[in-house]
Amino acid sequence: MFSCTSTTNLFQFIKSPCHAAAFGYSAPRVDAAGTRPGIKARDTQAGLQSLITGRIRVCKISPFLIIGIAAGLWAAPVAAQVPGSDSFARTHIVIYASTLVSGFAGAIAKHLPLSATAGDAVPQVTPMLADPAIKAFCAGVGPNYPDVVASPRRMAKREFELCDQNGVIDIVELSLGFDALVAVVKKGNPVFDLTPRMLYYATAAQIPKEDDFVPNPIKRWKEIDPKLPDLEIRVIASENGTAINYSFKEFFLESGCRGLRQFKEYYSAEDRVKQCTTLREDGLFQGIKAPIAVNFKDPLRNAPAGTVAIIPHTVYRRNMSWLDVLPVSGQTPSDEAIRGDDYDAVFPVRIYVKRSHMESKYGGKNVVAGLYEFIREAMSEEAIGNGGYLEMEGLVVDDLEDRKTDREKALRLERFKR
């Protein structure tokens, strides 16, 4: 068919180095500074015409090529081929993402050049809780398992060990930046300093009294602390079973009840957590269905003074025109406080990629194309730098030197260790 290489798939033919000139294909690159220049491509139709008429000097074209092109356009195979000329088991990248950070993963997927994937397949992002997402990621290697997981925390040692047990041993960690949970009120409402202990007493179904726990009788903020406003307690947060609700309980309620004498009576850690994080059901706590970025607005706008909403910092930044943020333990959640971990409810935004799913030239098993390009895109300055599109999504970006160090580790595919 043609002399320079032997290929069996149209997509590989177009993207292979031998024929790239005909179609103007040029893979995006990230330089040492993290810059991702745009793709420079000539007109594809002109390139195809040149290919058919035999005006490509580097390859000898036979008439059978035209038949091959037509067949490829009519029915592409399930296992596509891409640069590197190896068959791939799946055409699209599969990303499992915690709902807390799925917006960041989706933004990266959107900016990933389609030319990097097999057959220009769009990456698939599936939002879920972090625990099952990481568990699925660690379940095995191959096309039936996700390639990427995005998490609002670092992979735990037990999860890393699960990965190792199932043969998921070459993991690349991407450190994108930070996000946080914040407490907000409508502009014009009193702004007051909260602590995790105050939020625990405001939202718990039962609170300690003497040597036992009783149904929460507290109705007004001032009953918790005289410094708080004399207004009825109302707290809006994500409903049970969501990632934001899980983080709200971890950051605020568990921190708030830690150290209380009565909890020492609960010897099981599981029992202590359940007692601490069971939320009141008398109407003073309102659980909001996902997506909270949209669904918290009307309940808060229509709520009485004294109503506090718990939302991600990313959501607050998009609604600053009508919201005020409350300090927690005396610390306002500024970018500097979040970046420096001086604020109580900060979580890192991490992405984990399976090297074993990459192309063989990167030491992988050719499960899917485009994973190295995904890493380059995610770690580029256009994504995680000051003014980058992830900062526009609400990410608190890391310092320049830390970004540079993290980028270098990611691009050399340094193995994640725990």
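Worth pointing out:
- Within the range 355-376, the residues that satisfy the criterion of being assigned to a helix (DSSP H, G or I), out of contact with any helix residue (DSSP H, G or I) (no Cβ under 6 Å at 6 or more places or on another chain) and of a type in the set (D, E, K, R) are Arg355, Lys361, Arg376.
- Pairs linking a residue in the range 150-164 that is more than 22 Å from Thr99 (Cβ to Cβ) to a residue that is of a type in the set (Lys, Arg), with Cβ atoms under 7 Å and 6 or more positions apart or on different chains, are Lys157/Arg418; Phe160/Arg418.
- Against the list (1) without any contact (Cβ under 8 Å) to a residue 40 or more places away in the chain; (2) farther than 17 Å from Phe178 by Cβ, the condition Thr332 fails is (2).
- Only residues that are over 16 Å from the mean Cα position of the chain (by Cα) and at pLDDT 95 or above were counted across the range 116-156, and they come to 8.
- Residue count for the range 340-354 under the criterion of being of a type outside the set (A, V, I, L, M), surrounded by fewer than 22 Cβ atoms within 10 Å (Cβ to Cβ) and either in contact with a helix residue (DSSP H, G or I) (Cβ under 8 Å, 6 or more places away or on another chain) or not in a strand (DSSP E or B) (or both): the result is 4.
- Close pairs (7 angstrom Cβ cut-off, 6 or more residues apart or separate chains): in contact (Cβ under 8 Å) with a residue 12 or more places away in the chain and under 17 Å from Ala369 (Cβ atoms) in the range 104-117, of a type in the set (Gly, Ala, Ser) and surrounded by fewer than 20 Cβ atoms within 10 Å (Cβ to Cβ) anywhere: Ser115/Ala27; Ala116/Ala27
- Checked against the criterion of being surrounded by fewer than 21 Cβ atoms within 10 Å (Cβ to Cβ), of a type in the set (Lys, Arg) and in a loop (DSSP other than H, G, I, E, B), the range 156-174 has no qualifying residue.
- Which numbered condition Glu232 misses (of (1) buried (at least 18 other Cβ atoms within 10 Å of the Cβ); (2) over 26 Å from Ser151 (Cα atoms)): (1)
- Filtering the range 93-104 to residues that are part of a loop (DSSP other than H, G, I, E, B) and either in contact with a Lys or Arg (Cβ under 8 Å, 6 or more places away or on another chain) or modelled with pLDDT under 95 (or both) leaves Thr99, Leu100, Val101.
- Residues in the range 137-152 that are out of contact with any helix residue (DSSP H, G or I) (no Cβ under 6 Å at 6 or more places or on another chain) and under 22 Å from Leu413 (Cβ atoms): 7 in all.
- Filtered residues of the range 253-306 (kept if touching a residue at least 24 places away in the same chain (Cβ under 8 Å), among the hydrophobic types (A, V, I, L, M, F, W, C) and under 19 Å from Asp324 (Cα atoms)): Ile292, Ala293, Phe296, Leu300, Ala303, Ala305
- Selection within the range 105-155 - part of a helix (DSSP H, G or I), of a type in the set (Asp, Glu) and within 17 Å of Phe88 (Cα to Cα): Asp120
- Test: residue in the range 243-255 that is buried (at least 20 other Cβ atoms within 10 Å of the Cβ) and part of a strand (DSSP E or B): no
The values are calculated or read from the model by the stated rules, or taken from the named source; none is laboratory data. Keep in mind the model is a prediction, meaning the values are calculated, not measured. Positions of Cβ are backbone-derived with ideal geometry, glycine not excepted, and every protein chain shown enters the neighbour counts.
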